[in-house]
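A short worksheet on the structure shown next.
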Amino acid sequence: MAQDAGGAGGYSLTAIAGASAVIAIIGLVLIGALASPRLKGSSLFNRLFVVVAVTAGFFSAISSAIGFGLITSQESADIFRNSILPPAFGVFVFCLAVAIWVGGADFVRHRDWFRGLKGGFLGDIVFFIERAIKLFIIVPLLATILFFVSTWTTVVGIGGVDAVRHTYTFEIDRLASECAGITAWRQRDFLAREDLRLSVRDVKRVAGGERNDGSQSGSRGDGAVTTYITGLANWYEGLESSVNAIIEEQADSANNPYDQDTCARHTDELKKMLAQNAYDNVDRWNREFETAFNDFAAIINLSRRDKRIERLLDQQLDAFARANPKPSDGRMSERQRAAIDAYAEEVESALQSTIRSQKLQKPPVPLKSAAELSPARGLDIFREIVNPPAPPEEPEKVSRAQSVVDAEFVPGLSTITPRDAVLKNASIFSDVWALAISWDYAPYILMLAFLFFPSAERAQGFKD
């Protein structure tokens with residue numbers, strides 16, 4: 001923000017300074033190539049070929065230095081590895097590119113075999129064959145070195161971080177879907193609470209009906225049946241309060257599992273972290289994002305495994321008879337005893353139905369992570385390109401028993417390096433590959449003119 005405020009035309013001072021430096025350097029190269037006395041007698045085509053070759057090496061050097069920094073950098077303060085080695089590698093790439101293209105063009109133009117052979121048709125044919133061998137065999141072999149040294153690191157430097165962001169964006173979307181699914185699944189807690197609330201109301205209504213007109217046993221008043229049903233109502237009310245307390249505790253937490261805004265807030269934070277400058281320190285950028293991502297995945301897994309309400313209902317069902325002992329007064333009539341037994345069974349059955357409903361609603365099956373969908377890394381990526389794996393067979397359908405559900409979990413971040421990311425997403429970043437290849441090998445296309453037009457390097461008046 002501060003840099004932008006001090007800039008002009010919407011560009012920061014840093015961007016303006018960098019662009020100015022690049023333009024100045026290219027201008028000096030252009031002036032040197034067009035006005036250098038060393039190129040006296042060279043044609044305009046040859047001079048501009050030198051400009052193209054040198055600027056291509058310059059661009060390759062910068063992008064290769066960036067890519068090399070992404071490959072070798074580490075979070076610890078290592079001045080040689082983080083600050084000296086990448087620019088030194090850029091200088092090496094520049095010298096290598098200039099040696100291959102400018103030096104290679106000079107190598108192609110001059111005769112090495114049969115120097116004593118005079119001109120004429122035979123001499124021209126021999127020289128043509130020599131140039132063809134140099135252009136189509138020797139120079140491409142030298143350019144192969146440039147591919148592995150420069151083109152590869154150029155692609156990593158230009159597209160590596162964006163390729164990582166592409167993979168991590170897929171992972172964020174996966175986590176957002178997982179969070180939305182778990183939030184929808186956890187709505188069952190509200191259903192359980194509402195079931196208990198209605199049950200409390202029903203039991204209180206039945207207790208009032210028994211007291212007023214003997215709706216259950218046929219005898220009005222505060223007898224044994226009324227007392228038992230009133231006790232059930234109080235027990236139910238306490239159970240509802242316990243369930244409500246669990247829900248309120250989670251709803252008031254920072255990671256409310258019932259609110260979609262929790263998912264949106266976490267995913268928004270992850271997207272902001274992903275958009276931060278990775279080139280400053282790519283290892284720290286990766287670590288901070290991975291930590292935040294895995295923390296969010298852990299929160300989802302905790303919410304997935306949170307069965308406190310289900311366990312509470314199970315425990316209360318097991319303790320139903322102890323928590324609500326039936327009256328043992330010998331003066332109760334058979335009708336009163338039958339009414340108590342029948343209503344206890346009815347309440348117990350209703351609680352079992354609520355628990356069964358809780359257990360039948362299972363969380364969604366976890367989505368596969370990027371690493372599970374495509375696990376290849378490093379050289380295995382090349383093996384997959386050459387020999388694609390067979391399509392996966394349809395998995396055998398397994399009943400989602402509770403043990404299967406308990407073993408499921410949401411995977412953490414599928415970490416990937418810039419060099420692996422550009423390979424795995426080569427089809428998406430094909431324009432980056434095309435750009436790197438074009439500016440690394442544009443001089444070679446121009447060099448082909450020297451095969452069919454040997455005097456293209458010489459100005460008018462200096463030709464053979």
*Would segment 118-140 turn up any residue that is surrounded by fewer than 20 Cβ atoms within 10 Å (Cβ to Cβ) and closer than 17 Å to I62 by Cα?*
no
*Pairs under 6 Å by beta carbon, first residue of a type in the set (D, E) in segment 240-255, partner surrounded by fewer than 17 Cβ atoms within 10 Å (Cβ to Cβ) and assigned to a helix (DSSP H, G or I), six or more apart or different chains?*
E240/R197
*Kindly list, by first and then second residue, each pair from a residue in segment 82-110 that is open to solvent by less than 40 Å² (accessible area, probe 1.4 Å) to a residue that is of a type outside the set (K, R) and not in a helix (DSSP H, G or I), limited to pairs with Cβ atoms under 9 Å and residues at least 6 apart or on different chains.*
P86/S73
*asked:* Among the residues of segment 332-342, are any out of contact with any helix residue (DSSP H, G or I) (no Cβ under 6 Å at 6 or more places or on another chain), closer than 25 Å to K307 by Cβ and open to solvent by 20 Å² or more (accessible area, probe 1.4 Å)?
replied: no
*For G160, are the conditions met, namely being open to solvent by less than 10 Å² (accessible area, probe 1.4 Å) and over 30 Å from S374 (Cα atoms)?*
no
*Provide a single number: the residues in segment 301-329 that are open to solvent by 70 Å² or more (accessible area, probe 1.4 Å) and either closer than 20 Å to Y258 by Cα or not in a helix (DSSP H, G or I) (or both).*
7
*at pLDDT 85 or above and aromatic (F, W, Y), is that true of F68?*
yes
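The values are calculated or read from the model by the stated rules, or taken from the named source; none is laboratory data. It should be emphasised that the depicted structure is a prediction, and the values quoted were computed from it without experimental measurement. No Cβ is skipped: glycine too gets one built from the backbone with ideal geometry, and neighbour counts run over all protein chains shown. With ligands, DNA and RNA removed, areas are computed over all heavy atoms of the protein, side chains included. Shrake-Rupley method; radii C 1.70, N 1.55, O 1.52, S 1.80 Å.
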